[in-house]
Each structure stands twice: as C-alpha cells, then as structure tokens.
There are 2 protein chains.
Amino acid sequence: MLHALIGDFVVNPYRKGYVFEWRLMHKLYEMGYAVMRAPRSGRIGLPVPDIVAAKNGKLVVIECKSREGAFTLPKDQIAQLQEWEKRAGATAYVAWKLARKQPVFLRLNDVIDNGGNIGKKFLAEKGIGIDDII
Amino acid sequence: MLHALIGDFVVNPYRKGYVFEWRLMHKLYEMGYAVMRAPRSGRIGLPVPDIVAAKNGKLVVIECKSREGAFTLPKDQIAQLQEWEKRAGATAYVAWKLARKQPVFLRLNDVIDNGGNIGKKFLAEKGIGIDDII
C-alpha cells in the first residue's frame, strides 16, 4: 500500500501532491465514480484538470492543491476549469488538502466570486466534503 | 503542425497510434467537446479508456485502434469500457482508423454482440462517423 510505503513524513511537494491525488482518485472510485487523471507529460495543448470523475451521468472536474498556506488559483487554471464547465457541462472544484485533514472541496464559482483567493476563512465558509460534490 | 512534421510516411505503430489519437482529440475539441486522454505512464490500477470526451453533459469514452487488419478487442479493454458505461453513464466506442480513411466509430454494445471481433464487414454494417457519436 502506498501509504505504508511512503508514510506521513513525505515533504517532497510533488510527491505529496501525487499521494493526495492518488488517494482522492481511489476514494472516488470506491464511491462509484469512473475516474481519470490528467497525463503528467505529453499534454497536447488542450485544457485539462487534474482529475475527471463521472458517476451516473454527472461529471466532476477537480484541481488538486496540497499545501498549508492560503493561495490564489492561477488564471489559466480557472480558465481551464471553466472550459470544462462550459463545454462538458461538468461541475468544477478545487480540492484543498491540509496536512492531517480530510480534503475540502470548493466550487469554482465560489472561488471566482472570491477573486481566485483561497484561504482558511473561505474554506470554513464555502468548503464541502467529498460526499457532497454531486 | 504535427501533420506537416511527420507526414504520411510514418510506420512506427506507436507513433501512428499517437498521431491518430492526437488528431481525433483536436477534432473533438473543434466540435465543442472537452477532451482528455489517458496518461501514457503512471496508470494507477483504475480502468481508463484512451480518450474521455464530454459535451453538454454527454460523456463519450473511446478506445483508439490504428491498424489495417481485422482484430479482436481484448477482454480487459471491453471490461474497462463497460465500467465507464456503468459507473459514469458514458457511451463507449472503438474508433478504428484505416490508412487514408476517416476513422469509423463502433459502439461497444455492437462490438460485444459481435464477440469482440472487428473487421471490415462489421465496420460497413455498424460503423458511424464522428458526427454521429452523440
């Protein structure tokens, strides 16, 4: 099991993000979703979120963030997620993972209304759990 | 443009398949779909088709085949596509590309009814164009 191999002492940010994505995808799969993650390499110039998940005809796209401090979602990532909402009819989320906490999901529309800024106050106001994303 | 760089003299089967997928994704994007392809590496044990595309709430998953002769779709690929149909509510297709022809789309259900076997007679009977997949 990846968790047992890597443990909680991981600090490499790429790997931390990877572990978060990996766990999130498997969690969604357990919940009945079909799940695909974006290729790490060989992106071909089309907009892609980190994860595409679908269940019973409902499509969710997720940008994953694993970090401790407040941040601003880059404009190009907002635009990519918006494009999936418009073209695909998907619902877009940012999934924010703080250490030793369950990930919290923030709707793209709320993030945009907040100027792209994501911090702990915003998280407390607008964040929802994984069971509520569809 | 990839086409100009590579031309029609490509014989490497991996590259031929890649060029087909690349063109198909861009064509779907032009048609208004949001599009993602499966990662080439780092698959994490969950079922993935070659391409996931969605438009206005309709989800399509596509297995791409670029070859000249008849073939049988492997059971594991059938199972992966079926899982996307069941979990996600997607419609699954095999897209078969013959040299110097437009790709033809075959519905997974038809492929299964035909024992997984795909040849030119089956193509003529059941194949549809890209404009008819949704």
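The residues in region B:33-74 that are facing chain A (nearest Cβ under 7 Å), surrounded by 14 or more Cβ atoms within 10 Å (Cβ to Cβ) and over 11 Å from the mean Cα position of the chain (by Cα) can be counted, and the count is 12. The set of residues from region A:43-98 being of a type in the set (Phe, Trp, Tyr) and closer than 18 Å to A:GLY115 by Cβ comprises A:PHE71, A:TYR93, A:TRP96. Residue count for region A:99-134 satisfying the condition of being among the hydrophobic types (A, V, I, L, M, F, W, C) and at pLDDT below 95: 2. For A:ILE134, the conditions (1) closer than 23 Å to B:GLU30 by Cα; (2) within 14 Å of chain B (Cβ to nearest Cβ); (3) under 15 Å from the mean Cα position of the chain (by Cα); (4) not aromatic (Phe, Trp, Tyr) all hold with the exception of (1).
In region B:82-111, the residue that is nearest to A:ALA88 (Cα to Cα) out of those that are among the polar types (S, T, N, Q) and free of Cβ contacts under 8 Å to residues at least 40 places away in the same chain is B:GLN82. Scanning region B:94-118 for residues being closer than 21 Å to B:ARG15 by Cα and not hydrophobic (A, V, I, L, M, F, W, C) gives a total of 5. Filtered by the rule that a residue be crowded, with 17+ Cβ neighbours inside 10 Å, part of a loop (DSSP other than H, G, I, E, B) and free of Cβ contacts under 8 Å to residues at least 40 places away in the same chain, region A:112-133 gives A:ASN114, A:GLY127.
The values are calculated or read from the model by the stated rules, or taken from the named source; none is laboratory data. In this text, all values refer to a predicted model and were calculated from it rather than measured experimentally. Counting neighbours? That spans all protein chains shown, and the Cβs are built from the backbone with ideal geometry, glycine included.
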